[in-house]
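Structure first, then comments.
The values are calculated or read from the model by the stated rules, or taken from the named source; none is laboratory data. Everything quoted here is computed from the prediction, not taken from an experiment. Cβ atoms come from the backbone with ideal geometry, glycine included; neighbour counts cover every protein chain shown. Surface accessibility is based on the protein's heavy atoms, side chains included, excluding ligands, DNA and RNA. Shrake-Rupley method; radii C 1.70, N 1.55, O 1.52, S 1.80 Å.
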Amino acid sequence: MIPFLDLKAPHQELQSELDEVWARVRDSGWYILGPEVDAFEQEYAAYCGAQHCVGVANGLDALHLALRALGVGTGDEVIVPSNTYIATWLAVSQCGAVPVPVEPDPATHNLDPERVEAAITPRTKVILPVHLYGQPADLDPILSIARRHGLRVLEDAAQAHGARYKGQRIGAHGDAVAWSFYPGKNLGALGDAGAVTTNDPELADRLRVLRNYGSRAKYVNEVQGWNSRLDPLQAAILRVKLAHLDEWNARRAEIAALYLRELADCGVVLPQVPDWAQPVWHLFVVRHPRRDDFQQRLAQAGVQTLIHYPIPPHRQQAYAGLGLAEGALPIAERLAAEVLSLPMGPHLPHADAKMIIGAVSEC
C-alpha cells in the first residue's frame, strides 16, 4: 500500500538537526515560551512578510484567539466558507458568535467572493476565508468588500504555509492570519502547535495577553484569558523545518505537475489553479462522480486516499442547531460527495507517484 502521507520521512531526513534542538531545549531549563518561541515567532513572521507572529498551542486556538482579539463575541456573525474543515466554524462558535456559511467557487473549492456581500448583516464582524488545500483564496475582492462595510478579515491558512497570492506570501494580507502546525501540515510540528501573523501591533499584543491567562506580568491578569502557548520544543523543531519548507513545497509542486499532466484524460476532475495563485499543494484533491467506489478500487490497487471532507460542517450533528437541512448548501454538499485526496508529500517517491497515476488511469 502506498501511504497517503509519510510522516516519518521528514524527521529521518533531518534527524541530526532535530536531535540537536531536542538536546538544546532539554538542557535549557526553559520549557514555557522563552527564547525558542521568540526566535521562531521572529523567523516565521519574516518568512510570511508580516511584522508580528504570536505562537499558540494549536490551529483552532489560533483562529479562536484571533477572533477574540478582533472583538468577536456573543451575538456577532462571522462569514465562513461552507466548504472547509469544521475547525473554522468551531472557532466562531467558541466566541459565542454565529458562523454564516457562504458557498465556494466550484472550480477552486475556495470561498466565492461574489457570494460574500449578500451574506453581510448588521451583526457581521469578520470575513473568514480559508486557503483550502494550500491554494490561496481570492483575497483582493474579499478585502475590498470588508473595507466597504467596515469589517475585519481573518485568514485561515492552516494548509497554506508558503503559498503566494499575486506574488506575495500568505501571512499579512488581512487583519490577521491563523496557522496550524499539526504534524501533517506542510510545516508540521511533532504535535499540536499554531500561530497568528499580523501587521497590527495592538492585535499582536492582545493575542499575547489572551494566550497567557490574560496576563503580561506574572500573577497580574488583565482579562479572562486562556492557556494556549506554543511549546518551546515544538518551536525549535519548526525552526529547523522552516529552513526546508520552500524546498519541500517545491517537491510537492513537482508531484502536482506530474499528476496534472498525466491525469488530464483519466475521468477525474483535476484541481484548477488561477493565474494569480501559487499553491503549495498541501492536498491534491480530485473529484469523481462515483467517489466511494473509485476510492475502494484505488485501495484494492494499493493506493491509500483520504476524503477532505466527507461531511460539510452544516451537516454535522454539532451544527444541527443552525437548522440547515440537506440541500441548503448544495455546492458544499456536492463537493463532499465527490472529492478525493490522492497521496501528496515532499517525500513521495517519483516511482510511487507513477504507480498512483497508473492506478487512477485503470480505475
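State which residue pairs qualify: first residue open to solvent by 40 Å² or more (accessible area, probe 1.4 Å) and inside the stretch 163-186, second residue of a type in the set (Lys, Arg) in any location, beta carbons under 6 Å apart, and separation of 6 or more residues or different chains.
ASP175/ARG152
Taking helices (runs of 4 or more DSSP H) that fall entirely within the stretch 251-363, which contain at least 1 residues that are open to solvent by 50 Å² or more (accessible area, probe 1.4 Å) and among the acidic types (Asp, Glu)?
Correct list: 291-300, 350-362.
Would you mind finding the one in LEU67, LEU63, LEU5 that is in contact (Cβ under 8 Å) with a residue 40 or more places away in the chain and either within 26 Å of THR305 (Cβ to Cβ) or in a loop (DSSP other than H, G, I, E, B) (or both)?
LEU5
Quick one: GLY134 ticks every box in (1) open to solvent by 10 Å² or more (accessible area, probe 1.4 Å); (2) farther than 24 Å from ALA318 by Cα; (3) among the small types (Gly, Ala, Ser) except a single one, so which number is it?
(1)
For the stretch 293-313, check the following and say yes or no: at least one residue is free of Cβ contacts under 8 Å to residues at least 24 places away in the same chain and charged (D, E, K, R).
yes
Given GLU114, GLU43, which one is closer than 29 Å to PRO183 by Cβ and surrounded by fewer than 24 Cβ atoms within 10 Å (Cβ to Cβ)?
GLU43
So that you can scan it fast, the table gives a plain yes or no per residue for (1) out of contact with any Leu (no Cβ under 7 Å at 6 or more places or on another chain); (2) within 16 Å of VAL177 (Cα to Cα); (3) open to solvent by 40 Å² or more (accessible area, probe 1.4 Å):
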position	(1), (2), (3)
TRP30	yes, no, yes
GLY59	yes, yes, no
ALA62	yes, yes, no
ALA66	no, yes, no
ASN83	no, no, no
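Kindly establish whether TRP30 is in contact (Cβ under 8 Å) with a residue 40 or more places away in the chain and farther than 25 Å from PRO279 by Cβ.
The answer is yes for TRP30.
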